Structures are given as C-alpha cells and as structure tokens.
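Chemist: This is the structure I have questions about; it appears just below.
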Amino acid sequence: MTSKTRVLLVSIVPPKNDCGVRIVMHRQLVERAPFQLHVASNADFEDGLLVHTPLRLPYLIHRLGKSRFGPRLAAWITDYENFIWPLTANEALEEAVQHFKPDVVLTLAECGLCHIARKTAQRHGLPLAGLFLDWFPVMKGHYGHKATQGILSRRYRELYAACNLAFCTSDGMQEMLGPHPNSHVIYPMPGKYRVPVENAWPRSNGKFRLVYVGAVGNFYGRMLCSLIEKIEPTTDLELIVIGPNADWPKQTLERARASGTYPGFKPPEQAAEALASADALLVVMSFEKEHELFMRTSFTTKFLDYVAFGKPVILWGPEYCTPVRVARKHGGAAVVSTDQAEAVVSLCRQIAGDSALSEELSKQARHLHQTLFNPDRLQQLFVRKITELTNG
C-alpha cells in the first residue's frame, strides 16, 4: 500500500467545519483526508482545534496583546506579526519539520505567518504550495496600520511567485496575481450535505421563501438589512438569513429575530434543512468601492454549496465580481447587478410566477454542480497537483 503524502499545513487558522477559509481547508484536507496532515498554527481562540504544533508570538508581545493595553496596541502588534516575526526562524516550526518530515509545506497565503512558512520551506529544501483564498492584505484584522496595505499586497504577490505550486480560489484571483508556471484555479470546496426526510423548516403561509446562509456582518450585513426592509412589508415573500454574529442596527436585529427572519448561526446539517426548504437561494457580493479588490478576487463558498440543492440561485453582486462572471459564462444563477434591493424582490416575484423560469434556473444549478463545481473534480485536481509536486 502506497503511503500518503506528508503535508505540513502552516496557517493562521486551522481547518474547521464552520465557515470561511477554515471550512474550505477542512473539506479539502480533513473531511476527505487525502494526505497525512500536520497542522502548525498561531490560532489563538477556542480549544478543540486541529493544531498539532502551536506557534506563539514572543512572550512579551503575546502578553501585551492580552493585556488591557491590547486594543490600543492592536495595530502595532499586527504590524509586528506581519513584518518582524517572519524575520527569524520559528523554533516550534523547525521542530515540526524535523519530527514530521513533510514532503511539502502548504500555507494559507495572508500577511505574516505564510512568510515564515516560505522561509522554512526554503531552509529545508521543501517544495512550497500556497492557498490564495482571499486577498488578506486589504482585510481588517490582517493588516495593522492602513498605510501598510500596499507593501502587504506586494509581498502577497511575491509569495505567489515564490510558490512551487499555487491554488487560486477564482479566475479573478489568478488574473490579479499574474502569470505563474504552476498555478491552478480551484473554486472553494462545496460541502457534503445530508438532508433529513423530516423538514425542520416547514411552511404554512404560502410565501415564496428566499434563504441565505453565510457571513452576515460588515458589507454583507448592510446588503441583507436593505433587503429585509424591502421584504418585511410584503405578503408574498419571506427571507431567512442564517449566519453568525449579525452586526445589524438594534431594531432591525430585534425584528428579524422575532419574525424568524434571522435564527442566528446553525451548524451545517441544520443550515442544509433551511436550504432544502427554499424556493430560491441568495448569494451576496458587495457593491461598495472600498471592497472592489476583494470582490474581484474572492469566490463565495455558498455559491458552490447552493447549486448542490438544485434550487434557483439569485446572485446579487456587481458585474466585476468573479461569481457573476462565472454565472454569465456558465449559467447557474440569475444575476442582479444593481445594488438596489427592490431588484431582488422583483426577481423573486418573477421566479415565483414563472414555473418555466424556476425550472430552468434549477436545471442550470444542477448542471453547474455536476460540471464546473463538481466537488470530486475539484478535489482530484487539488490532490493530483500536490502529488505531482512531491513526486517531481
């Protein structure tokens, strides 16, 4: 029996079956378990994480971050983490390499720890593979002072060029990063959903149900709130929004909770029940100019998750975002490319009143799931390219 390729994952967040990049890595590396995996991470939150080698900032910096001065020093500490910490070898990571003996170093491309991974791979003569899943240099919490965003983006591109193998989450990410001899687009891995026969989200009101599952804060939250305000007064539509930590205005949040519009976060199994009960599923990408680079390069996991249910998908986002570009080329979703929530309401009513349109959109979603977004195709490409790298 051939032994599995030994992969050392160096990442600011370990794989976890919840949301964001964590769930993508969980599906690729843990759920399907194609490799022998060792995780090294500086993640500093709840217990029970898949971390074999914890990576810590120097004691004094770590203590400062945890002290009452932490919030005021947060930008400086993040700058330290991004620029100073990667300058020296990390003892814990060096020990992990010595004991685990990886065939390849795989790192989540971001702003700080990935550069330690790069230097560690170079020091030990190991091939380096990078996961370019989000443009972290422009994401709050990942840069310290805003003036550093430019240099962080330049280093992000330098990391891409230094990788022996690069995985881009979208065509837009690959285009933004530029030419590379071994770069591949792998859309975020969709989940394996098992929907119980019993529907925990029954309906008795006859309303057309639109369901959204995903991030509900920041720019996503602002768009969802504008849609809630338009759907609330209607008698023929209902919206269900599932996701963690809504940062909405207090009155909107209270009304949404009371009406059942916002039941909060649900684990994947329960979220799947809500998705299965929908008449249409909603994908949201921001129109705000500040987030244009992020929208051009990222690819929302929920689009891939949704099409597996064979329901009409409504994609609400600007023409320049990659999910809209994919939908324009391959189908799979009805696009609303204006930031006006009324347009989403109008499209819901159009789908509700046109069974042929509803069936056509469902058919397109199923086709996308079976072809471009096929999870087996995506996983086979991911595993094959890493295997080729280590065997080469």
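Chemist: Does segment 9-21 include one or more residues that are closer than 20 Å to A117 by Cα, at pLDDT below 90 and part of a helix (DSSP H, G or I)?
Modeler: Within segment 9-21 (the criterion being closer than 20 Å to A117 by Cα, at pLDDT below 90 and part of a helix (DSSP H, G or I)), the answer is yes, since at least one residue qualifies.
Chemist: Still on this structure: Please pick out the residue among S337, S358 that is open to solvent by 10 Å² or more (accessible area, probe 1.4 Å), touching a residue at least 24 places away in the same chain (Cβ under 8 Å), closer than 24 Å to L227 by Cα and over 21 Å from the mean Cα position of the chain (by Cα).
Modeler: Just one listed residue meets the conditions, S358.
Chemist: Filter segment 340-392 for residues that are of a type in the set (D, E) and farther than 20 Å from K302 by Cβ and give the result.
Modeler: The answer is E342, D354, E359, E360, E388.
Chemist: Listed residues R222, R255; which is surrounded by 15 or more Cβ atoms within 10 Å (Cβ to Cβ) and more than 28 Å from V307 (Cβ to Cβ)?
Modeler: Every option except R255 fails the conditions.
Chemist: All but one of (1) crowded, with 16+ Cβ neighbours inside 10 Å; (2) more than 27 Å from I12 (Cβ to Cβ); (3) modelled with pLDDT of 90 or more hold for A166; which doesn't?
Modeler: (2) is the only condition that A166 fails.
Chemist: Can you spot a residue in segment 96-108 that is more than 23 Å from A166 (Cβ to Cβ) and charged (D, E, K, R)?
Modeler: Yes; the residues of segment 96-108 include at least one that is more than 23 Å from A166 (Cβ to Cβ) and charged (D, E, K, R).
Chemist: Out of everything in segment 14-26 that is open to solvent by less than 40 Å² (accessible area, probe 1.4 Å), in contact with a Lys or Arg (Cβ under 8 Å, 6 or more places away or on another chain) and not hydrophobic (A, V, I, L, M, F, W, C), what residue ends up being farthest from T53 (Cα to Cα)?
Modeler: H26
Chemist: Just name the residue that is farthest from the chain's Cα centre (by Cα) out of those in segment 363-374 that are in a helix (DSSP H, G or I) and buried (at least 20 other Cβ atoms within 10 Å of the Cβ).
Modeler: Q364
Chemist: Now for a separate question. Let me spell it out: the conditions are (1) under 22 Å from the mean Cα position of the chain (by Cα); (2) open to solvent by 10 Å² or more (accessible area, probe 1.4 Å), and N205 meets all of them except one. Which number is the exception?
Modeler: The number of the failed condition is (1).
Chemist: Could you check segment 239-262 and list, in sequence order, the residues that are of a type outside the set (D, E, K, R) and part of a loop (DSSP other than H, G, I, E, B)?
Modeler: Listed by number, the residues that qualify are G243, P244, N245, A246, W248, P249, G260, T261, Y262.
Chemist: While we're on this one: Step by step: first the residues of segment 258-285, then only those that are over 24 Å from the mean Cα position of the chain (by Cα) and not hydroxyl-bearing (S, T, Y), then the one that is surrounded by the fewest Cβ atoms within 10 Å (Cβ to Cβ). Which residue is that?
Modeler: This residue is A258.
Chemist: Would you check which residues across segment 288-298 are out of contact with any Gly (no Cβ under 7 Å at 6 or more places or on another chain) and open to solvent by 10 Å² or more (accessible area, probe 1.4 Å) and list them?
Modeler: Correct list: E288, K289, E290, H291, E292, L293, F294.
Chemist: Just one of the numbered conditions (1) open to solvent by 50 Å² or more (accessible area, probe 1.4 Å); (2) more than 26 Å from the chain's Cα centre (by Cα); (3) modelled with pLDDT of 90 or more is not true of L60; which one?
Modeler: (3)
The values are calculated or read from the model by the stated rules, or taken from the named source; none is laboratory data. Remember, predicted model here, so these are calculated numbers, not experimental data. Neighbour counts are summed over all protein chains in view; Cβ atoms, including those assigned to glycine, are modelled from backbone coordinates with ideal geometry. Areas reflect the complete protein model, heavy atoms only, side chains present, ligands, DNA and RNA absent. Shrake-Rupley method; radii C 1.70, N 1.55, O 1.52, S 1.80 Å.
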